[in-house]
Each structure stands twice: as structure tokens, then as C-alpha cells.
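The values are calculated or read from the model by the stated rules, or taken from the named source; none is laboratory data. None of the values given here were measured: they were computed from a predicted structure. Ideal geometry is used to build each Cβ from the backbone, glycine not excepted, and the neighbour counts take in all protein chains shown. In case anyone asks, the SASA skips ligands and DNA or RNA and just uses the protein heavy atoms, side chains included. Shrake-Rupley method; radii C 1.70, N 1.55, O 1.52, S 1.80 Å.
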Amino acid sequence: MKAFIFDLDGVIVDTAKYHYLAWKRIGEKVGFSLTHDQNESLKGVSRKESLERILDWANVRLSEEEKEALLIEKNEDYLQQIEGMGQEEILPGVLDLLHFAQKNNIPVSLGSASKNATRILKKLAIDHLFNAIVDGNNVTASKPNPEVFLKGAELLKQEPNNCIVFEDAAAGIQAAKAAGMISIGMGGTEEVKAADHCFTSMTAITKEFITTL
Ligand code: B16
Ligand code: MG
């Protein structure tokens, strides 16, 4: 039996729009206008690394203290935006797949770059459906480094080639491939074309498809 590893942002819930707004406001503070395409390339990238990239694009140099202050401000803005989030924001097909896994004893891990992952899973009331949670608090290297997924496999006591990763970001697909796992690209965007299989939505993933994997 295979194991499932789910990315969070963009796979379970669409928090990218909240991250975008919060980063846009931080960009404006340093005189920079973040574009949608630039934001796309930040998907799956850690908070600290995202700020570094924005400052590079803006050609702005800041002290470590100034960067720390912006990271705190960005996260406070983001947390305020997700405050009222509930089960209705879970993306279509996700609950079905999680329940399918539970019924069929398929082990499930989270593999997210977000330090807010557990808080979000609790808000969505699906934290109990995960056998392991690996997020931005437990890893030292950001995606595309495979650490986040390899730790998930280890916690589930599974070989990497027995794991199926659901991801929406280019960095995450690269990480899954580097881990030697089966990658499923979600969202139908250009970024996930390199995945082993691509789906626009989880509602399009049939139980037959999962079984053939
Ligand atoms: P936080 P994922 C990633 O989550 C997001 O895609 C990325 O935009 C964000 O910067 C990163 O988490 C860190 O999030 O600021 O909450 O720690 O897609 O890997 O689940
Ligand atoms: Mg993601």
C-alpha cells in the first residue's frame, strides 16, 4: 500500500491569495510592486527565503533586524487574514481523498513549508486525518530540497518510492523528484508540468487511478 504526502498551501487550501496580499504589502513598504508571476515563484518557498527573493527583486539591502521585523509583520498580516478560515475553504476533493486514505489504511503525512501548518489544519478540522505532520518548523532546508518529504516518509515508516506527493509548486515537485517519490502536480499550472501526473483538481483523481499507482 502506498503512502500519501500532502503539501498544504495550494493543495489542501488556497492560502496563496493571503500570502500574496501580505507579501504585496511588505513589498510596498520597501518601494516594490510584487507581480502575480513573482508571487507564483514564491509558492512552496519558506517565509525567510521569500523575503530574501523580494528584497533581491527590489534591489533593497536591509539589516538582519529590519528583515526580522518585516517577517513578523508579514506573518501577523497573514494570520489576521486566515483568522476566520474554516472547513468551507478546503479545496474540492481533498476531504474525499483523506477519508479514502483513512478507510483503506493508507498512511498520510503533511509536507509543507509553512510554519503555520498545524494551526491551519486545526482551523480546517482535519488535523486528526494525518498520521504525521512535517512543516516549516521541523526542517532546515526549504523545498526544492527533499528534506520535508523524506522526513514524512520516515515518520510514516515508508520507503520514499512508496510515497505519492501532492504538490502545487515547482519547488515542491522538484523536492518530490529529488526524494525519489511519485509526484502529482495539482492546479493545472505551468509550474507543475514536470510532475509524474497532473490534475486540475482533486475531484478529477479517481479511486481507480490511485489503485493503479
Ligand atoms: P509560512 P506549502 C508554503 O506552504 C507556501 O506555499 C509559501 O507561499 C509560504 O511562504 C511558505 O509555506 C511558508 O509559510 O509563512 O506560513 O511559514 O505550499 O509548502 O504548504
Ligand atoms: Mg503549496
Inset, instruction - Hey, could you check the range 162-189 for residues that are within 15 Å of ligand 1 (Cβ to nearest atom) and among the charged types (D, E, K, R) and say which is farthest from residue 106 (Cα to Cα)? - result: 168
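Here is a yes/no grid of residues against (1) away from ligand 2 (no atom under 16 Å from the Cβ); (2) modelled with pLDDT under 95; (3) in contact with a helix residue (DSSP H, G or I) (Cβ under 9 Å, 6 or more places away or on another chain); (4) not assigned by TED's automatic domain parsing to the domain that holds residue 41:
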site: 163; (1), (2), (3), (4): yes, no, yes, yes
site: 166; (1), (2), (3), (4): no, no, yes, yes
site: 171; (1), (2), (3), (4): no, yes, yes, yes
site: 196; (1), (2), (3), (4): yes, no, yes, yes
Inset, instruction - Tally the residues that are crowded, with 18+ Cβ neighbours inside 10 Å and in contact (Cβ under 8 Å) with a residue 40 or more places away in the chain, restricting the search to the range 45-69. - result: 3
Inset, instruction - Within the range 35-44, track down each residue that is outside any helix (DSSP H, G or I) and either among the polar types (S, T, N, Q) or farther than 16 Å from residue 18 by Cα (or both). - result: 35, 41
Inset, instruction - Could you please let me know if residue 42 is over 30 Å from residue 102 (Cα atoms) and of a type outside the set (S, T, N, Q)? - result: yes
Inset, instruction - Go through the range 134-157 residue by residue and tally those that are more than 12 Å from the chain's Cα centre (by Cα) and either among the hydrophobic types (A, V, I, L, M, F, W, C) or over 27 Å from residue 86 (Cα atoms) (or both). - result: 13
Legend entry - Which listed residue, of 29, 2, is touching a strand residue (DSSP E or B) at 6+ places or on another chain (Cβ under 7 Å) and among the charged types (D, E, K, R): 2
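What residue, among those in the range 64-100 that are closer than 23 Å to residue 175 by Cα and part of a helix (DSSP H, G or I), is nearest to ligand 1 (Cβ to nearest atom)? First the steps, then the outcome.
Initial filter on the range 64-100 (closer than 23 Å to residue 175 by Cα): 91, 94, 97-98.
Within this subset, residues satisfying the condition of being part of a helix (DSSP H, G or I) are 94, 97-98.
Working: 94: 13, 97: 16, 98: 15 Å.
So, considering only residues that are closer than 23 Å to residue 175 by Cα and part of a helix (DSSP H, G or I), the one nearest to ligand 1 (Cβ to nearest atom) is 94.
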Inset, instruction - Taking the residues in the range 45-63 that are assigned to a helix (DSSP H, G or I) and small (Gly, Ala, Ser) as candidates, determine which candidate is farthest from residue 139 (Cα to Cα). - result: 58
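Can you confirm whether the range 158-168 contains a residue that is open to solvent by 30 Å² or more (accessible area, probe 1.4 Å), under 30 Å from residue 80 (Cβ atoms) and not in a helix (DSSP H, G or I)? If you could, list the steps in order and put the result at the bottom.
Here is the first cut: in the range 158-168, the ones open to solvent by 30 Å² or more (accessible area, probe 1.4 Å) are 158-162.
Filter again for under 30 Å from residue 80 (Cβ atoms), leaving none.
Within the range 158-168 (the criterion being open to solvent by 30 Å² or more (accessible area, probe 1.4 Å), under 30 Å from residue 80 (Cβ atoms) and not in a helix (DSSP H, G or I)), the answer is no, since none of the residues qualifies.
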Inset, instruction - Read through the list (1) of a type outside the set (S, T, N, Q); (2) outside the structural domain of residue 22 (by TED's automatic domain parsing); (3) surrounded by fewer than 20 Cβ atoms within 10 Å (Cβ to Cβ), then give the number of the only condition that residue 98 fails. - result: (3)
Inset, instruction - Please find, among 84, 27, the residue that is over 26 Å from residue 138 (Cβ atoms), open to solvent by 20 Å² or more (accessible area, probe 1.4 Å) and of a type in the set (Gly, Ala, Ser). - result: 84
Inset, instruction - Return the only residue of 190, 147 being farther than 21 Å from residue 213 by Cα, open to solvent by 40 Å² or more (accessible area, probe 1.4 Å) and not basic (Lys, Arg). - result: 190
